[in-house]
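Taken together, the values in this text are just the output of simple stated rules run on the coordinates, not laboratory data. Keep in mind the model is a prediction, meaning the values are calculated, not measured. Backbone-built Cβ (ideal geometry, glycine too); neighbour counts: all protein chains shown.
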Amino acid sequence: MEEVKVVVAHHERATLRVGDVFLKIDADQTRTDVEVEAMAMAPIPTPEVLWRKPPVLALAALPGTALGRLGEPSTASSSAWAAAGAAARMLHDAPLPPWPGRRLDEIASDLDGECEWLVTNGVLPTDVVTRNRRVAEAALRPWTPVFTHGDLQITHVFVHGDEITGVIDWSEACQGDALYDLAILTLGHEEHLGDVVAGYGTDVDLDVIRAWWSLRSLLAIRWLVEHGFDPSSPGCEFDVLRSRV
């Protein structure tokens with residue numbers, strides 16, 4: 001009998017692994033609709049959809065291993081990181097998906113609210129929040145929308161040797177800022193930013209990528225805490241924010 005492994009679970013969704021099959025259970029079928037359609041549209045490798053019976057989506061496991069994990073050194077080669085940058089560029093050059101991303105005013109409003117929550121509840125020192133709020137301003141500028149993955153963290157990018165074997169978790173795919181994807185990919189792994197940019201193959205504004213590191217971390221902390229994750233673990237969101245001070 002195959003062992004059932006809980007990959008991630010919280011009150012919104014859960015992912016189980018049974019042998020070479022991943023079962024994704026999501027209370028919001030709109031997210032699953034986006035994931036299935038985005039994988040069909042993406043010009044880079046994605047998991048095979050085996051079947052779908054709401055609220056369950058069954059996906060085939062990808063070969064290889066994740067590019068790394070937040071808070072841990074990545075064992076992937078520089079060439080693998082560059083390949084991830086090249087895959088991001090291929091995605092960003094593809095035709096736009098039908099789903100619009102979040103508006104700048106929405107992001108700015110959420111950022112204000114999360115910063116206030118962090119300070120009011122003493123989650124982080126005021127100077128850390130204030131400094132990162134200023135850094136984050138550089139990300140709040142107009143951009144030309146591209147096809148973004150929307151959550152391109154390193155655990156979602158699979159590699160074998162120096163090659164990308166696939167990218168998972170497309171439920172947040174939308175029209176968005178290319179530099180946001182690159183920032184999420186390199187969050188907590190600044191030492192690989194040069195490799196990713198080299199693979200991406202065009203000039204990027206590094207200050208904007210660093211701004212997205214701050215902005216994304218500030219926005220994520222409350223959600224992580226409320227869903228049972230620990231952003232204070234070494235190398236994770238708290239450390240990302242402190243490194244900006």
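For the pair ASP230 and THR120, the difference between a 0.36 nm per residue extended length and the Cα-Cα distance amounts to 37.7 nm.
Working from Cα pairs under 8 Å separated by at least six residues, relative contact order for the stretch 1-158 is 20 percent. Across the stretch 2-16, computed HN-Hα scalar couplings (Karplus, 6.51 cos²θ - 1.76 cosθ + 1.60, θ = phi - 60°) run 5, 6, 9, 10, 7, 7, 7, 7, 8, 6, 8, 7, 8, 10, 10 Hz from first to last residue, x flagging Gly and Pro. Listed values for the stretch 225-242 are Karplus-derived 3J(HN,Hα) couplings in whole Hz (6.51 cos²θ - 1.76 cosθ + 1.60, θ = phi - 60°), namely 4, 5, 10, x, 9, 10, x, 8, 4, x, x, 9, 4, 4, 5, 4, 5, 5, and x replaces Gly and Pro.
The angle between the Cα long axis of helix 126-136 and the main principal axis of the chain comes to about 70°, on a 0 to 90 degree scale. Annotation: amide H-H contacts under 5 Å for LEU50 (H modelled 1.01 Å from N, sequence separation of 5 or more, or interchain): ALA58, LEU59, ALA60.
Over all alpha-carbon pairs in the stretch 102-245, figure out the percentage whose distance exceeds 27 Å.
So the portion of pairs separated by more than 27 Å is 20 percent.
Calculation over all alpha carbon pairs of the chain in 5 angstrom steps from 0 returns a P(r) of 1, 6, 13, 18, 19, 19, 14, 7, 3, 1, 0 percent. By the helix-only formula, in which each DSSP H run with n ≥ 4 contributes -39500 (n - 2.57) and the sum is divided by residues, the chain has a 222 nm mean residue ellipticity of -13000 deg cm²/dmol. Note: the stretch 1-139, Cα convex hull, 192 Å³ per residue.
Once you list every other residue whose beta carbon is under 12 Å from the beta carbon of VAL56, what net charge do they have if Lys and Arg are +1 and Asp and Glu are -1?
Once positives and negatives cancel, what remains is +3.
Karplus-based coupling profile of the stretch 62-73, in residue order and whole Hz: 7, x, x, 10, 5, 4, x, 9, 5, x, 10, x, with θ = phi - 60° in 6.51 cos²θ - 1.76 cosθ + 1.60 and x standing for Gly or Pro. Charged neighbours of GLN153, selected by a Cβ distance under 14 Å, balance to -4 (K, R count +1; D, E count -1).
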